[in-house]
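The values are calculated or read from the model by the stated rules, or taken from the named source; none is laboratory data. These numbers were taken from a predicted model, which means no experiment stands behind them. Positions of Cβ are generated from backbone atoms using ideal geometry, with glycine treated the same way; all protein chains shown enter the neighbour counts.
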Amino acid sequence: MIPRVTATVNLSAVQHNLRQVRKLAPSSRVMAAVKADAYGHGAVPVARALDEAGVDTLAVACMEEAQELREAHLRAPIALLEGVLSPDEAALAAYEGLQVVVHAFWQIELLEAMPSGSNIAVWFKLDSGMHRLGFPLDAVPRLRQALARHPSWRFQGWITHLARADETGSSATIDQIAAFDRALAGVPGARSIANSAGLIAWPSARRDWVRPGLALYGASPLPGKTGAELGFQPALNLESRILAIRTYEAGEPIGYGASYVCPERMPIGVVTVGYADGLHRALPNGSPVIVRGRRAPLAGRVSMDMITVDLRGVADAQVGDPVLIFGEALPAEEVSERAGTIPYELFCGLTNRVRFRYLGGE
């Protein structure tokens, strides 16, 4: 069976990107974000590749994601970024030996209700300005008291999250780092601040731990930059194929809503990918794909199962030719910008109609 759309994930690129993270922050340990199915790249194979490459900890959002990795017998520790939501989850976290990122006092109460001697590892998350999750900065003394009450808890350290690290011209990140440091002045425990943008753009955010996500997949979190320009390797190529080629006369409309009208007699290629595969419907006319090494612009709206492209610049194109939607030769950063979104959403939006295959790894 010939797949309509294929996502080829290069696990060696993921491992290269981990090494690049370590070059940027050689004194830091690495907590790699593999939440959201490893940003759409496949949680288990990506986590296994990172584990083989010696990552220090894997980070997921929720218990279901942690269980998927545990069932795959990953050796690396696993951190639960949103913490536990119920007594059952607290018990399961202890049983699985997860690191629980605690962001609210009701979560502390869940852990305190566990039987004495339970295997509990905790991070405390502080809100230094993101204003999403986290304890207020003035709660640090109360949190230290909670640790003193429970000497059996294995304290991992203090975490905060940067809200505007991708805005290199803003002082907001400097302000967040300073607020975090003031709240923890003289307080023991490891610190973790930097996400991918913080790691790349803000050296002062590279503390005991860094928490890269997007950079591990080879894309840039900074506007106007590609991952390749920053030394990272794109890990995913999304490809489809030409299903049909037809020639239309000047003035003929193409696709839904006649959003594209042929300016001259021209060949139009029909490609088997659409928004049901995760390609954004917002991509405008002129957005490129790659056919036979050359750019072919979108001509007409993205539909559920197909796109139509202008093949005037690829006169030798044939039915069955592969079409790169985004990847190494067409950065996801460029495609997502044209769609008015970000690479994160492009990756995470791939659907179960896409056939995944994996290359490389150690």
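Residues to consider are Val335, Val319; find the one that is in contact (Cβ under 8 Å) with a residue 60 or more places away in the chain and at negative phi. So that I can check it myself, show each step before the final result.
Values: Val335 fails: in contact (Cβ under 8 Å) with a residue 60 or more places away in the chain.
From the options Val335, Val319, the qualifying one is Val319.
Conditions first: (1) over 23 Å from Thr351 (Cα atoms); (2) in a loop (DSSP other than H, G, I, E, B). His41 passes all but one, so which condition is the exception?
His41 satisfies every listed condition except (1).
Let me confirm something: among Gly198, Gly129, which residue is under 24 Å from Ala228 (Cα atoms), out of contact with any Phe, Trp or Tyr (no Cβ under 6 Å at 6 or more places or on another chain) and modelled with pLDDT of 95 or more?
Values: Gly129 fails: under 24 Å from Ala228 (Cα atoms).
Result: Gly198 is the single residue among Gly198, Gly129 that is under 24 Å from Ala228 (Cα atoms), out of contact with any Phe, Trp or Tyr (no Cβ under 6 Å at 6 or more places or on another chain) and modelled with pLDDT of 95 or more.
Looking only at the stretch 77-98, which residues are modelled with pLDDT under 95 and surrounded by 21 or more Cβ atoms within 10 Å (Cβ to Cβ)?
Answer for the stretch 77-98, where residues must be modelled with pLDDT under 95 and surrounded by 21 or more Cβ atoms within 10 Å (Cβ to Cβ): there is none.
Please give the strands (runs of 3 or more DSSP E) falling wholly within the stretch 280-362 in which 2 or more residues are assigned by TED's automatic domain parsing to the domain that holds Met266, touching a Leu at 6+ places or on another chain (Cβ under 6 Å) and within 19 Å of Ser220 (Cβ to Cβ).
Values: elements: 288-291, 294-297, 307-310, 322-326, 355-359.
Fully inside the stretch 280-362 and qualifying: 322-326.
Would you confirm whether or not the stretch 91-108 contains a residue that is among the aromatic types (Phe, Trp, Tyr), more than 30 Å from Ala49 (Cβ to Cβ) and outside any helix (DSSP H, G or I)? Spell out how you get there, then give the answer.
Going residue by residue through the stretch 91-108, those that are among the aromatic types (Phe, Trp, Tyr) are 95, 105-106.
If we keep only those that are more than 30 Å from Ala49 (Cβ to Cβ) as well, we get 105-106.
Adding the requirement that they be outside any helix (DSSP H, G or I) leaves none.
No, there is no match, as no residue in the stretch 91-108 is among the aromatic types (Phe, Trp, Tyr), more than 30 Å from Ala49 (Cβ to Cβ) and outside any helix (DSSP H, G or I).
Rundown of residues vs (1) of a type in the set (Gly, Ala, Ser); (2) closer than 18 Å to Ala79 by Cβ; (3) assigned to a helix (DSSP H, G or I), yes/no style:
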{"residue": "Val140", "(1), (2), (3)": "no, no, yes"}
{"residue": "Leu143", "(1), (2), (3)": "no, yes, yes"}
{"residue": "Leu147", "(1), (2), (3)": "no, yes, yes"}
{"residue": "Pro151", "(1), (2), (3)": "no, no, no"}
{"residue": "Gln156", "(1), (2), (3)": "no, yes, no"}
{"residue": "Ala163", "(1), (2), (3)": "yes, no, no"}
{"residue": "Gly169", "(1), (2), (3)": "yes, no, no"}
{"residue": "Asp175", "(1), (2), (3)": "no, no, yes"}
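Do we have Arg70 as surrounded by fewer than 18 Cβ atoms within 10 Å (Cβ to Cβ), touching a helix residue (DSSP H, G or I) at 6+ places or on another chain (Cβ under 6 Å), not in a helix (DSSP H, G or I) and not assigned by TED's automatic domain parsing to the domain that holds Cys348 here? Even if it seems obvious, please write down each step before you answer.
Values: surrounded by fewer than 18 Cβ atoms within 10 Å (Cβ to Cβ): yes; touching a helix residue (DSSP H, G or I) at 6+ places or on another chain (Cβ under 6 Å): yes; not in a helix (DSSP H, G or I): no; not assigned by TED's automatic domain parsing to the domain that holds Cys348: yes.
Here the answer is no, as Arg70 does not meet what is asked.
Scan Pro223, Pro188, Pro212 and give me the residue that is outside the structural domain of Leu346 (by TED's automatic domain parsing), part of a loop (DSSP other than H, G, I, E, B), surrounded by 19 or more Cβ atoms within 10 Å (Cβ to Cβ) and not hydroxyl-bearing (Ser, Thr, Tyr).
Details: Pro223 fails: surrounded by 19 or more Cβ atoms within 10 Å (Cβ to Cβ); Pro188 fails: surrounded by 19 or more Cβ atoms within 10 Å (Cβ to Cβ).
It is Pro212.
Can you work out which of the residues in the stretch 156-195 that are of a type in the set (Ser, Thr, Tyr) and touching a Phe, Trp or Tyr at 6+ places or on another chain (Cβ under 7 Å) is farthest from Leu18 (Cα to Cα)?
Of all residues in the stretch 156-195, those of a type in the set (Ser, Thr, Tyr) come to 160, 168, 170-171, 173, 192.
Still in the list and also touching a Phe, Trp or Tyr at 6+ places or on another chain (Cβ under 7 Å): 160, 173, 192.
Numbers: Thr160: 21, Thr173: 24, Ser192: 17 Å.
Across the stretch 156-195, the extreme among qualifying residues is Thr173.
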